[in-house]
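To start, the structure itself, in structure tokens.
The values are calculated or read from the model by the stated rules, or taken from the named source; none is laboratory data. Just so we're clear, the structure is a prediction, and the values are computed from it rather than from any experiment. Note that each Cβ is placed from the backbone with ideal geometry, even for glycine, and that neighbours are counted across all protein chains shown. Ligands, DNA and RNA are excluded from the accessible area calculation, which covers all protein heavy atoms including side chains. Shrake-Rupley method; radii C 1.70, N 1.55, O 1.52, S 1.80 Å.
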Amino acid sequence: MSKFWSSTVRKTKPYVPGEQPKETDVIKLNTNENPYPPSPKALEAMQNEIGDDLRKYPSPTVDTLKNVIANREGVAPKNVFVGNGSDEVLAFAFQAFFEHNEAIKFPDITYSFYPVYAKLYDIPYQTVPLNDDFSINVDGMCNSIGGVIFPNPNAPTGLALSLNDIEKVIQGNPNQVVIIDEAYVAFGAETAAPLTKKYPNVLITRTLSKSHALAGIRLGYAIGSPELIEGLERIKNSFNSYTINRVTLAGAEAALQDDGYYSEVIERVVNTREWTRYELQQKGFEVLPSSANFLFCKPTEIQARELYEKLKNSKIYIRYFDNLEDYIRISIGTEEEMQALVDHIKQKVSAK
Ligand SMILES: Cc1ncc(COP(=O)(O)O)c(C=O)c1O
């Protein structure tokens, strides 16, 4: 604590991201990055952007990128908001749509940034326990006072809700904003984007960090009714006119137009995920079915924390959450990385 800190800083409890080890010879399966490189077209577009124009500010309205996203999603540019990673989009959405005296709802096991934003912006919240099978409790998410947010598929479980269930949550919160965080939707869940046309209170958020292998350029976006998008723009324009840099804009525009490349990358990740799930089950792990680029599992012959630490000593990084003692989350890497993981697990478990 410092005497110079404002009361806001004093009460913050910042989010702790997964480790980003300095060594390069590690197998990094802890932050759900894509193991494959970004589209060559995106890389070329970004390289071409490095030049004299960098002395100028980027577009404050990001119209070209909004057009690209709108065309892909079958919506109008006025239905699109763009941010510096979906974390920024989410942070703006908490400010734009949630109130200080109206509790919002989110699942008790979910993306741990939600309670951090809630505390930062002084928004009360109620967590809704997951069902016994780790799925989101649809009825429990209805009748919120202040709004609702959940990822589909959920993180860190990887389980997806059907569109039918999502619509029930929306209908159960007709006067509140319902945010569906689709960071991992491309790996196997159904998008709720079409529901934004039917319901003016629904906001979908997406990111290029996972499916598009571009976590390093920080680009996220939202789709929703013009009134929700205008709310986000008002917050953004009261914070920073230029949240997206020129290089990121060029890379994102090109990446979002290279569907052929990304559908191959995503298919590869999904195939490797299913292979890994089978192998881990053979080793006695309980592994939830996943619609994302990670697996949520419980080792049975070794403690989750012990396995996490042993793997880390062998330079394989997976994610262990202090509040989910028995479980680990493993991001899907390349086929070779996952083979190495499975081999190491075999050694660690049999060395017990
Ligand atoms: C559920 C969920 N939402 C949003 C994000 C943030 O993604 P980004 O800020 O990289 O777009 C993450 C990142 O791990 C996530 O797991």
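Kindly indicate the residue of segment 80-117 that is farther than 18 Å from residue 237 by Cβ and polar (S, T, N, Q) and also most open to solvent (accessible area, probe 1.4 Å) among those meeting that condition.
Per the stated criteria, the residue is 101.
Scan the helices (runs of 4 or more DSSP H) fully inside segment 151-253 and keep the ones with 1 or more residues being within 24 Å of residue 274 (Cβ to Cβ).
Hits in segment 151-253: 163-171.
Please return the ranges of helices (runs of 4 or more DSSP H) entirely within segment 257-352 where 2 or more residues are within 18 Å of the chain's Cα centre (by Cα) and not assigned by TED's automatic domain parsing to the domain that holds residue 46.
Working: elements: 259-282, 304-313, 335-350.
Ranges flagged: 259-282.
Looking at (1) within 13 Å of the ligand (Cβ to nearest atom); (2) touching a helix residue (DSSP H, G or I) at 6+ places or on another chain (Cβ under 9 Å); (3) β-branched (Val, Ile, Thr), find the lone condition where residue 80 falls short.
So residue 80 meets the others, but not (1).
I need the full set of residues from segment 140-183 which are among the polar types (S, T, N, Q) and either out of contact with any Phe, Trp or Tyr (no Cβ under 6 Å at 6 or more places or on another chain) or without any contact (Cβ under 8 Å) to a residue 60 or more places away in the chain (or both), in order please. Break it down into steps so the answer makes sense when it comes.
Just the residues of segment 140-183 that are among the polar types (S, T, N, Q), to begin with: 143-144, 152, 154, 157, 162, 164, 171, 173, 175-176.
Of everything in segment 140-183, those that are among the polar types (S, T, N, Q) and either out of contact with any Phe, Trp or Tyr (no Cβ under 6 Å at 6 or more places or on another chain) or without any contact (Cβ under 8 Å) to a residue 60 or more places away in the chain (or both) turn out to be 143, 144, 152, 154, 162, 164, 171, 173, 175, 176.
For segment 45-56, does any single residue satisfy the condition of being under 20 Å from the mean Cα position of the chain (by Cα) and open to solvent by 40 Å² or more (accessible area, probe 1.4 Å)? Step through it out loud before you land on a result.
At the first step, the residues of segment 45-56 found to be under 20 Å from the mean Cα position of the chain (by Cα) are none.
No: zero hits.
Being within 12 Å of the ligand (Cβ to nearest atom) and either of a type in the set (D, E, K, R) or under 19 Å from the mean Cα position of the chain (by Cα) (or both) narrows it down to one residue among 134, 94, 150; which is it?
Details: 134 fails: within 12 Å of the ligand (Cβ to nearest atom); 94 fails: within 12 Å of the ligand (Cβ to nearest atom).
When all the criteria are applied, what remains is 150.
Suppose we filter 84, 131, 137 for residues that are in the same structural domain as residue 194 (by TED's automatic domain parsing) and without any contact (Cβ under 8 Å) to a residue 12 or more places away in the chain; which single one remains? Spell out the reasoning first.
Details: 84 fails: without any contact (Cβ under 8 Å) to a residue 12 or more places away in the chain; 137 fails: without any contact (Cβ under 8 Å) to a residue 12 or more places away in the chain.
Step by step, each of 84, 131, 137 is checked, and only 131 is in the same structural domain as residue 194 (by TED's automatic domain parsing) and without any contact (Cβ under 8 Å) to a residue 12 or more places away in the chain.
Pull up segment 23-34, narrow it to residues that are open to solvent by 40 Å² or more (accessible area, probe 1.4 Å) and touching a residue at least 40 places away in the same chain (Cβ under 8 Å), then point me to the one that is nearest to the chain's Cα centre (by Cα).
Pass one, segment 23-34, residues open to solvent by 40 Å² or more (accessible area, probe 1.4 Å): 23-25, 28, 33.
With touching a residue at least 40 places away in the same chain (Cβ under 8 Å) added as a condition, the list becomes 23, 25, 28, 33.
Numbers: 23: 25, 25: 26, 28: 17, 33: 10 Å.
Applying the filter and picking the extreme gives 33.
Could you pull out the residue among 158, 220, 172 that is crowded, with 17+ Cβ neighbours inside 10 Å, in the same structural domain as residue 96 (by TED's automatic domain parsing) and away from the ligand (no atom under 14 Å from the Cβ)?
172
If you scan segment 244-256, which residues turn out to be of a type in the set (D, E, K, R) and within 21 Å of the chain's Cα centre (by Cα)?
The initial filter retains those residues of segment 244-256 that are of a type in the set (D, E, K, R), namely 246, 253.
Within segment 244-256, 253 is the sole residue that qualifies.
Given the criteria in contact with a strand residue (DSSP E or B) (Cβ under 8 Å, 6 or more places away or on another chain), charged (D, E, K, R) and either open to solvent by less than 50 Å² (accessible area, probe 1.4 Å) or not assigned by TED's automatic domain parsing to the domain that holds residue 144 (or both), does residue 182 qualify? Give the steps one after another, and end with the answer.
Values: in contact with a strand residue (DSSP E or B) (Cβ under 8 Å, 6 or more places away or on another chain): yes; charged (D, E, K, R): yes; either open to solvent by less than 50 Å² (accessible area, probe 1.4 Å) or not assigned by TED's automatic domain parsing to the domain that holds residue 144 (or both): yes.
Answer is yes for this residue.
So which residues in segment 328-347 are buried (at least 20 other Cβ atoms within 10 Å of the Cβ) and free of Cβ contacts under 8 Å to residues at least 60 places away in the same chain, if there are any at all?
The one that is buried (at least 20 other Cβ atoms within 10 Å of the Cβ) and free of Cβ contacts under 8 Å to residues at least 60 places away in the same chain: 328.
If only one of 195, 203 is in contact (Cβ under 8 Å) with a residue 12 or more places away in the chain, hydrophobic (A, V, I, L, M, F, W, C) and surrounded by 20 or more Cβ atoms within 10 Å (Cβ to Cβ), which one is it?
None of the others qualify; the one that does is 203.
So residue 122 clears everything in (1) surrounded by fewer than 16 Cβ atoms within 10 Å (Cβ to Cβ); (2) within 22 Å of residue 172 (Cα to Cα); (3) out of contact with any Pro (no Cβ under 9 Å at 6 or more places or on another chain) except one condition, right? Which one?
If we test residue 122 against (1) surrounded by fewer than 16 Cβ atoms within 10 Å (Cβ to Cβ); (2) within 22 Å of residue 172 (Cα to Cα); (3) out of contact with any Pro (no Cβ under 9 Å at 6 or more places or on another chain), just (2) comes out false.
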